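What follows is a short report on a single structure.
The values are calculated or read from the model by the stated rules, or taken from the named source; none is laboratory data. Predicted, not measured: the structure shown is a model, and the values here were computed from it. Here the Cβ positions follow ideal geometry from the backbone for every residue, glycine too, while neighbour counts run over all protein chains shown.
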Amino acid sequence: MTQTFHPYADMNFQEFVLFFRTHSKQLEENTKIYLISEANIAETQRVETEVLMRSFFRIFTHSDMDHMDNHYSSYLDTWVQSQLSILNAESLHWLQIIFEKAMLTLLIQLKHQRMMDPLMFLLSVFSYLMHSFHKWAGIESVDHDTEENEELKKLRMLDQLNQLLVRSSGASDLAFILKKCEKYFNYKRCVFYAYVPWSNQFYGVIGEELPKVQSMKGQLTEQNIIFNSKRPIYLKNPKPYLRNEHIQLFQLSSIIFIPVAHEQQLYGWVTFDQKGDPFDCTKGELDFLEQVGKRIGLFLSRKEKENTAKTMAIVLTERESTVLDLLAEGYDNKKIASLLFLSEYTVRDYVSSLMTKLRAKNRTQVVAYAFRWGLLS
């Protein structure tokens, strides 16, 4: 019996997203199988492709169907810009190969009657992704004289930062350093989120409108691609990646996340944004800001070692240590009092004592300084 041929008919973005969501679990399983079984891919490339694949899935599984237009360019541009620090032509090539295999296998498994529709749409998606990558990675039409001037400008800015870090005395100067970073790198807002390794959490520590910053905290999960990334991430539109609470609280549009780390030790993240104004960022700018994060990480590492001797003079009572641990877990005075069978007034006195001993101005600084000086581990 001859199978009826169905000519290719255009599929729009909304239809493709609906198809994707309906079969996302099977697609995910297929991509994992092909990624593992692909013999020609290097191990480092395999890891990068897996990271890209997870974030690529989010375009289709987390897009707002009710407010979606039928042109995918803005969604794909946002994804490319968010992955610029790890995206390159080779990783994009492998992403396309693995994904196309997974899609074709799915269509065969489903015995889909209009196989050409999703396949042709997928090809157009990857065609646009390559165009977008070349655009945002700064590959097209490079003026070498302009490029050299930009490099000299970046070196001068890094030199300014280096001098500032050398003059600074420790973690207590981090707020001043971040304000200077806003000026040096031409951003309106810079915020520091600390990482707590023992509880695998992040929390806001330093930034303008401090109560808002300190209200931001959460648990790191595998789904959180922002805080799990070891490389900088630029989000043209943060809606698919950040909680609405965070976006509304800070009136966010575009934002950049930079890991602050040194020798495999993660201290946290610095964010840059323009207080609600959208902005663009190239791969070159992300690479430059990555150096900023590394320098701040080296600074914190150096000051942490210098301050280790100071901890010898900081002697905490057993009860103060217990209160400090509970503060690090994010409990308020009322909850700590309940857990330790104490009055809130007594807990307040212990917190005040900790602030005095650690020379901290508030509860958040108590935890930050204790972590930096080795009182928490």
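Values for this structure:
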item: Any hit, region 175-187, residues being touching a Pro at 6+ places or on another chain (Cβ under 9 Å) and surrounded by 16 or more Cβ atoms within 10 Å (Cβ to Cβ); result: no
item: Of residues in region 169-188 being assigned to a helix (DSSP H, G or I) and of a type outside the set (A, V, I, L, M, F, W, C), the one farthest from Cys281 (Cα to Cα); result: Ser172
item: Residue match in region 289-296 (condition: part of a loop (DSSP other than H, G, I, E, B), under 26 Å from Tyr75 (Cβ atoms) and outside the structural domain of Phe60 (by TED's automatic domain parsing)); result: no
item: Boolean, Asp277 is modelled with pLDDT under 90, of a type in the set (D, E, K, R) and surrounded by fewer than 21 Cβ atoms within 10 Å (Cβ to Cβ); result: no
item: Any hit, region 35-45, residues being assigned to a helix (DSSP H, G or I) and touching a strand residue (DSSP E or B) at 6+ places or on another chain (Cβ under 9 Å); result: no
item: Number of positions in region 5-33 that are buried (at least 19 other Cβ atoms within 10 Å of the Cβ), over 23 Å from Ser229 (Cα atoms) and at pLDDT 90 or above; result: 2
item: Scan of region 312-366 for residues that are among the acidic types (Asp, Glu), without any contact (Cβ under 8 Å) to a residue 12 or more places away in the chain and under 28 Å from Ala175 (Cα atoms), ordered by number; result: Asp332, Asp349
item: Every pair of residues 6+ apart whose Cβ atoms lie under 9 Å, when the first sits in region 150-178 and is of a type in the set (Ser, Thr, Tyr) while the second is assigned to a helix (DSSP H, G or I); result: Ser168/Leu174; Ser168/Phe176; Ser168/Ile177; Ser168/Phe299; Ser168/Lys303; Ser169/Lys303; Ser172/Gln365; Ser172/Tyr369
item: Failed item in (1) modelled with pLDDT under 85; (2) under 21 Å from Arg363 (Cα atoms), with Ile225 passing the rest; result: (2)
item: Residue within region 255-273 that is without any contact (Cβ under 8 Å) to a residue 24 or more places away in the chain, surrounded by 21 or more Cβ atoms within 10 Å (Cβ to Cβ) and in a strand (DSSP E or B) present; result: yes
item: Residue, surrounded by the fewest Cβ atoms within 10 Å (Cβ to Cβ), within region 357-377, restricted to residues that are out of contact with any Ser or Thr (no Cβ under 7 Å at 6 or more places or on another chain) and aliphatic (A, V, I, L, M); result: Ala360
item: Selected residue (only one of Ser91, Ser63, Ser74, Ser55 is part of a helix (DSSP H, G or I) and modelled with pLDDT under 85); result: Ser74
